[in-house]
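To start, the structure under review is shown below, and the notes come after it.
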Ligand SMILES: [Zn+2]
């Protein structure tokens with residue numbers, strides 16, 4: 001299922017799924033967790049108009065934002081940071097990339113496509129883990145690297161809800177990260193057994209679905225080994241269709257917008273295997 005552009009839906013009391021336009025064809029998500037008149041916002045959406053719409057929505061709800069959490073540095077999750085006065089939490093290590101890619105991906109100050117948004121790095125950076133208090137409810141910020149090194153999820157143990165950012169998306173995407181770390185993180189998600197997972201891209205899903213994400217990445221890693229041993233070239237390997245690594249039903253449900261990301265996954269895992277070979281020599 002693909003939803004673009006902006007929409008919002010209260011999945012259960014105090015748990016809002018907000019979706020926006022992405023351009024990839026699969027939308028991008030943000031979330032609002034509320035308790036009484038207080039709330040924590042997780043990610044900002046990406047399109048200037050929609051980042052503002054989300055902020056306005058929070059205001060109209062009469063919610064005081066206690067914190068904004070960046071699940072990772074990618075600008076489709078952080079573009080709206082400058083619209084928030086509350087503390088912005090993120091895992092250490094991402095802001096140097098945010099600074100490096102901002103003008104390329106969002107636009108230089110004054111550039112039309114930036115829509116008046118300006119770079120604002122997170123001001124509450126932590127190493128590995130942190131926790132936030134939402135009116136007595138604990139929100140755990142837990143490391144889930146693999147999509148990027150700084151990826152985190154927001155886990156609400158009392159309600160067994162995980163806002164996963166891009167650590168869980170309709171198709172795992174490891175171009176900026178590491179497939180081995182992504183598998184470890186997805187296993188961590190399985191261990192938590194959340195009742196509800198809000199993904200960075202795509203509709204909410206269950207932890208059972210995550211098993212097929214792990215299989216997808218493991219099969220790619222195994223296939224890279226075989227292909228390299230048989231002297232296949234990287235150029236031909238990256239054309240292997242995603243259906244080879246997924247159940248037919250899931251491949252069909254994903255559709256064409258994910259094929260480009262799948263090809264980048266194959267490039268990345270191939271490169272990882274090359275690095276491992278060189279370091280083993
Ligand atoms: Zn991302």
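Values in this text are rule-based calculations from the coordinates and carry no lab data. In this text the structure is predicted, and so the values were computed from the model without any measurement. Every residue, glycine as well, gets a Cβ built from its backbone with ideal geometry; the counts of neighbours run over all protein chains shown.
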Estimated inter-spin distance, residue 209 and residue 118, nm [label 7 Å along Cα→Cβ]
3.9
Nearest 500 deg cm²/dmol is fine: what mean residue ellipticity at 222 nm does the chain get from its DSSP H runs of n ≥ 4 alone, each adding -39,500 (n - 2.57), divided by its residue count?
-11000 deg cm²/dmol
Please work out the FRET efficiency for the pair residue 129 and residue 229, using the Cβ-Cβ distance as r and a Förster radius of 25 Å; give the result to the nearest 0.05.
0.05
Cα centroid separation - segment 160-217 against segment 87-139, whole Å:
21
Sorted by average packing, counted as other Cβ atoms within 10 angstrom per residue and highest first, what order do 254-267, 137-150 take?
137-150, 254-267
Relative contact order %, the chain, counting alpha carbon pairs below 8 Å whose residues are six or more apart:
13
Rounded if a/c under 1.5, otherwise prolate or oblate - segment 91-231, Cα gyration tensor axes:
oblate
Taking R0 as 35 Å, what's the FRET efficiency between residue 159 and residue 56 from their Cβ-Cβ distance, rounded to 0.05?
0.85
Once you place label points 7 Å from the Cα toward the Cβ at residue 8 and residue 247, how far apart are they in nm?
3.5
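Any chance you could tell me what percent of the C-alpha pair distances in segment 7-210 go past 23 Å?
Cα-Cα pairs in segment 7-210 separated by more than 23 Å: 37 percent.
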Segment 53-152 shape via C-alpha gyration tensor axes, a/c threshold 1.5
oblate
Specify the inter-centroid distance of segment 258-281 and segment 1-59, based on alpha-carbon positions, in whole Å.
33
Give me the percent of DSSP beta bridges within segment 137-281 that run antiparallel, rounded to the nearest 5.
65
Taking just the alpha carbons, could you work out the radius of gyration and Dmax for segment 168-227, both in angstroms?
11.7, 38
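If you take all C-alpha pairs in segment 142-202, what percent of them are over 16 Å apart?
33
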Rg(Cα) of segment 1-95 divided by 2.2 N^0.38 Å?
1.01
Based on DSSP, what percent of beta bridges with both residues in segment 7-210 are antiparallel, to the nearest 5?
65
Which of 185, 279, 179 has the fewest other C-beta atoms within 10 Å, and how do the rest follow up to the most?
279, 179, 185
